[in-house]
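Asker: I have a structure I would like to understand better, so I am pasting it below and will then ask my questions one at a time.
The values are calculated or read from the model by the stated rules, or taken from the named source; none is laboratory data. Please read all numbers here as calculations on a predicted model, not as lab measurements. For neighbour counting, all protein chains shown are included, and Cβ atoms are generated from backbone atoms with ideal geometry for every residue, glycine included. Remember, those area values only see protein heavy atoms, side chains included, never the ligands or the DNA or RNA. Shrake-Rupley method; radii C 1.70, N 1.55, O 1.52, S 1.80 Å.
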Amino acid sequence: MHHSSKKPSSAFIRIFTSACVLTAGSQAHAELMTYSSLSSFSSVLTSQGTDAFSDIATNTAETRTAGPFAYGISADSGIRPLVVGSATYIGNNVGYEWLRFSTTSINAIGGEFFASDVFGNFKAGGVTFRVIDSLGADEMFTITPSGTNSQSFFGVVSDGFITSLHVHADQGWIPSYLAADNITLGTVSAVPEPSSLALVLAGVGLMGAVTARRRTQTHGR
């Protein structure tokens, strides 16, 4: 009996190689997921800390902590405390300027953001976010005016490290200022993305099917 060793077909090699290349490509680019509620945002975090700005009236230092995480706050014209009744927020001095939150070694950042008047009172208006991470993501997001109130939550999770979140209130005829509260930082577990994992399994399954088919053809001769 003569046994021959046959190589996989060139078509199979092209298919499997393409699957591997696509998988590698998806892992090399940042994946940002946004959340509009604190509960859904918190559910994906393995650890987290929150800064409620309870001391902001007497402490406007630009380096702060949220639980175990340190972060920075800055704006070109400086930051300012906003005290409205018993509520305390952080804000900017010039409405159109970005309020910047800089971080290291965290995968997630979120908080309550809204447009306000110069005194920190809620004002209907949009809020725009710019997210930058260690894998090259640089994306813009907006909360529309109809969806903004003093409890509006925005959170973002990256598969890399988030390096900065820039936020400002959108401007109209009357200047709007940004107010922020309950800034939450966190980390997530590194897990394969479902799309990448499915692609790998599909490639492995295809390889198994081709191998089984060739064995059947060999024994059938």
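Asker: Between residue 34 and residue 94, what is the label-point separation in nm under the 7 Å Cα-to-beta-carbon projection?
Answerer: 2.6 nm
Asker: Follow-up. In whole angstrom, how far apart do the alpha carbon centroids of segment 156-192 and segment 67-88 sit?
Answerer: Result: 13 Å between the Cα centres.
Asker: A follow-up question, please. Can you list the residues of segment 102-121 with backbone N under 16 Å from a point 7 Å past the Cα of residue 80, pointing along Cα to Cβ?
Answerer: The answer is 115-121, whose backbone nitrogens lie closer than 16 Å to the label point.
Asker: Putting +1 on Lys and Arg Cβ atoms and -1 on Asp and Glu Cβ atoms, find which of 137, 38, 83 reaches farthest to the positive end of the dipole of segment 38-173.
Answerer: 83
Asker: Which length gain, in nm to one decimal place, applies between residue 130 and residue 171 when the Cα-Cα distance is subtracted from 0.36 nm times their residue separation? Could the numbers behind the result be given before it?
Answerer: Values: separation 41, 0.36 × 41 = 14.76 nm, distance 1.61 nm.
The span from residue 130 to residue 171 would gain 13.2 nm if fully extended.
Asker: I'd like the Karplus ³J(HN,Hα) series for segment 179-188: coefficients 6.51, -1.76, 1.60, θ = phi - 60°, whole numbers in Hz, and an x wherever there's a Gly or Pro.
Answerer: 10, 9, 8, 6, 5, 10, 10, x, 10, 10
Asker: Next question. Please report the relative contact order for segment 54-166, taking Cα pairs under 8 Å with a sequence separation of at least 6, and give it as a percent rounded to a whole number.
Answerer: About 25 percent, as a whole number.
Asker: Accessible area of residue 144, 1.4 Å probe, to the nearest 10 Å²?
Answerer: That residue has around 80 Å² of solvent-accessible surface.
Asker: Next question. Provide the FRET efficiency to the nearest 0.05 for the residue 118-residue 138 pair, computing r from the beta carbons and using R0 = 41 Å.
Answerer: 0.85
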